[in-house]
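The values are calculated or read from the model by the stated rules, or taken from the named source; none is laboratory data. Keep in mind that what you see is a predicted model, and the values were worked out from it rather than measured. A quick note on method: Cβ atoms are made from the backbone with ideal geometry, for glycine too, and the neighbour counts reach across all protein chains shown. Keep in mind that these areas ignore ligands, DNA and RNA; they rest on the heavy atoms of the full protein, side chains included. Shrake-Rupley method; radii C 1.70, N 1.55, O 1.52, S 1.80 Å.
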Amino acid sequence: MSDVVAVDGQHTGQRLSQVERVVDTFIAPTKTFTDILRSTSWWLPFLLAVVVSLGVTFAIDKQVGFDRVVENVIHDSPKQEEQISSLPPDQRAARMKAMEAGYKYVSYSTPIIILIISAIGALVNWGSFNFGLGAQTTFGQMFCVWMYASLPRLLSGLLTLVTVCFGGNAESFNLKNPVGTNIAYYLPDSAPWLKAALGFFDVIGIWNLILLVIGTSIVAKVSRGKAAAVVVGWWVLLLILSVVTAAASS
């Protein structure tokens, strides 16, 4: 048989290359995540994420400019806009310059941020499954699952590239929500807390969530229902925290 099979944690059958894993994540995710039981190599999805994220950052830098990015971010937060407007001209200019540099440096540091977020997410899932459900998965397996499950987010980056390079919307470009894959994108004048909530209902984000459920279920050897309870449970908690934070700062 050519199918990937895992028995008692041991992987047998077809071995997938990194390229095959990436492709199967989109068309046959079970194969990709089962192959992680054999190898926890994750270099290709990370490399793709680095290329796309740096490409997006470079395009924003050249086509929009981080000065415009900062202006749009401030305009999107009435409270922050009011605070900055109340500053003397010299202080306001200094604050804007500092924010511009901050957003620029953070954007170009996205590859490092990807690693940090992936490590935190993998650690949370590893702890939740091992200590909460009694699974015997490893941190390396959870980290690898996170990397491959995040591959659909490359589509967000590619859509952002198209939007920045050909959309002609520099005047209204929103770094925090650049493409219309979620409900909040179409309600820009909504209350900050509502936009924070609606931003979670993102087509690509939900795709990522589904892949995480499939992947963690396989490497932790638990039912899809139990995996969904853990993964979706953390997603709901993040949604609540985001809404509360947005409401408190608006």
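Some values worked out for this structure:
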{"quantity": "Hey, S128 surrounded by fewer than 18 Cβ atoms within 10 Å (Cβ to Cβ), at negative phi and among the polar types (S, T, N, Q) or not", "calculated": "no"}
{"quantity": "Yes/no for A119 being open to solvent by 30 Å² or more (accessible area, probe 1.4 Å) and small (G, A, S)", "calculated": "yes"}
{"quantity": "Single unsatisfied condition, Q141 versus (1) of a type outside the set (F, W, Y); (2) closer than 15 Å to A49 by Cα; (3) open to solvent by less than 50 Å² (accessible area, probe 1.4 Å)", "calculated": "(2)"}
{"quantity": "Segment 226-250 - residue that is in contact with a Ser or Thr (Cβ under 9 Å, 6 or more places away or on another chain) and at pLDDT 95 or above and, of those, surrounded by the fewest Cβ atoms within 10 Å (Cβ to Cβ)", "calculated": "G233"}
{"quantity": "Filter pass, L159 being out of contact with any helix residue (DSSP H, G or I) (no Cβ under 6 Å at 6 or more places or on another chain), open to solvent by 30 Å² or more (accessible area, probe 1.4 Å) and farther than 29 Å from H75 by Cβ", "calculated": "no"}
{"quantity": "Top-ranked residue in segment 3-21 [being touching a helix residue (DSSP H, G or I) at 6+ places or on another chain (Cβ under 6 Å) and open to solvent by 20 Å² or more (accessible area, probe 1.4 Å); ranked as modelled with the highest pLDDT]", "calculated": "Q18"}
{"quantity": "Sole residue being open to solvent by 70 Å² or more (accessible area, probe 1.4 Å) and in contact (Cβ under 8 Å) with a residue 24 or more places away in the chain, chosen from R38, R92, R68", "calculated": "R38"}
